[in-house]
Ligand code: XMP
């Protein structure tokens, strides 16, 4: 394993992903973890991430210098680079040499371990106030910038390397190459981590954990639960029962996808609960977004609990495990624990009754989203499921601004299907993160169609690009695609006479409208 020490910015997850893209397994640990504990994990290499602080700021995260004396190769980036420099006797000072954003890097030692084969001039992404003015003894300076004399250094003998910039962001055009040079050349690691290993390893682990007991998995229609279920199915076969709650708020074809395609691909035992009427009754007369969310969440938990009780009755009391599609970013964000005892309520699956004791099976806990997709592919899940864009648990219920009714849902389903079809036809699926299609049910506008006046509803297209849904930008879709979607929706969907485009980034807008 390669450990990525997290100094508190968002960079650690990105670094861990890049290491895995280099086909080396990586894990994130907090910078507060004692060095002895890090070393006890037997890391092949350690990467120190960037962070928000100055090394001289009060309360700035630090690191015991014994880390640099353990014989484990270390790569410091940005804040990690400055920590390494100060810990080993170099000079870092606040001399006003700030650099933010794209900066030209001058490689001063061609053929160095990190920069071998990369151009002597390359753009890199900088974000720092303090700067290193003298490298520690025994280190060779390998790059500089117009304002920073020491922008990279290395000590090949001790296997210690550092760069002032952020090689993990795509604006550093040779960043991945530099990272791979550290892993392969500096640390001597063979790139052999693949999702095939993950599948085999997880199947063995699940078999060991579940034994001859039974497990339940809630399917939401999304990628994570589908892949988790497929993996567990492969491991324990008919000992698994999947539950799918049809709340009537899914998009066109999605329920069928789960009922037919998922089952066909995995052979899983599936219990479908048709709860459309129950949800629509509960939502009648409600337009407030938060209230809608609460109602949908509450009903979901009730229906899911009921289904569980029925399965317990059918299958006997040995149903002891609940499968969840928890991903690595959730694990990192919730403190990185490895316990299986506590069951947290998941926005798609809901809480559990107090008197049923389940243990969690979370086979995707080590994986990032793109890796989950690869695992899904490997397990033979259909493309439509594996490449599915994120879709909120409350479904179309929060994409109708106004009261949710069956008619409005059907209308929105038709409009959404057209938008999805055209985006796919234009080959844009992979360019956008997701594209909510929203019905402004309480808004009407005047239009003209044929010879007559219309008084219909607008549909909003909300295509966004994003890395993690925390921030997003509106996607610049080609006009032809937008024109096609607009023409088709206004022609084919009754009661819609306008299509508008949302050109707001997040922040200030959220991705969904409610
Ligand atoms: P927002 O609208 O907050 O959405 O920018 C960020 C991402 O989360 C999805 N989303 C949800 N997912 N349950 C979910 O499982 C929810 O209640 C929920 N609300 C928003 C949204 O589609 C986007 O990907």
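Data for the structure
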item: The stretch 405-501 - percent relative contact order, Cα under 8 Å, separation 6 or more; result: 30
item: Antiparallel %, DSSP beta bridges [both residues in the stretch 2-186], to 5; result: 55
item: Value of D in µm² per second that Stokes-Einstein yields for the stretch 246-313, Kirkwood Rh from Cα pairs, at 25 °C (0.890 mPa s); result: 183
item: Degrees, to the nearest 10: 11-21 long Cα axis against longest axis of the chain; result: 90
item: Angle between the chain longest axis and helix 223-236 axis [Cα atoms, degrees, rounded to 10]; result: 90
item: Between 0 and 90°, nearest 10: helix 479-492 axis offset from the chain longest Cα axis; result: 20
item: DSSP beta bridge pairing in the chain, given as percent antiparallel to the nearest 5; result: 45
item: Amide N of the stretch 79-105 lying under 20 Å from the label point, which is placed 7 angstrom from the Cα of residue 476 along Cα→Cβ; result: 102
item: Fewest-first sequence of 304, 262 by Cβ atoms within 10 Å of each Cβ; result: 304, 262
item: Three semi-axes of the equivalent ellipsoid, the stretch 195-386, Cα gyration tensor, whole Å, largest first; result: 26, 19, 18
item: For the chain, projected area of the alpha-carbon convex hull averaged over all directions, nm²; result: 26.8
item: FRET efficiency for residue 176 and residue 281, using Cβ-Cβ distance with R0 set to 41 Å, rounded to 0.05; result: 0.20
item: Convex hull volume per residue for the stretch 35-157, taking Cα atoms only, in Å³; result: 108
item: The chain: relative contact order as a whole-number percent, Cα under 8 Å and 6+ apart; result: 10
item: Sorted by Cβ density within 10 Å, fewest first, the residues 105, 482, 409; result: 482, 409, 105
item: Distance between the stretch 450-514 and the stretch 66-119 - C-alpha centres, whole angstrom; result: 46
item: Alpha carbon Rg of the stretch 405-501, scaled by the compact-globule rule 2.2 N^0.38 Å; result: 1.11
item: Values of log10 I(q)/I(0), in the order q = 0.19, 0.23, 0.31 Å⁻¹, for the stretch 167-214 under a Debye, Cα-only, solvent-free model; result: -0.72, -0.83, -1.00
item: Added length on full extension, which subtracts the Cα-Cα distance from 0.36 nm per residue, residue 213 to residue 383; result: 58.1 nm
item: Simple spin-label estimate for residue 448 and residue 203 in nanometres, 7 Å along Cα-Cβ; result: 6.5
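Readers should treat all values here as calculations from the given coordinates under stated rules, not as data from a laboratory. Computed from a predicted structure; not experimentally measured. In this analysis, Cβ positions are derived from the backbone assuming ideal geometry, glycine residues included, and neighbour counts consider all displayed protein chains.
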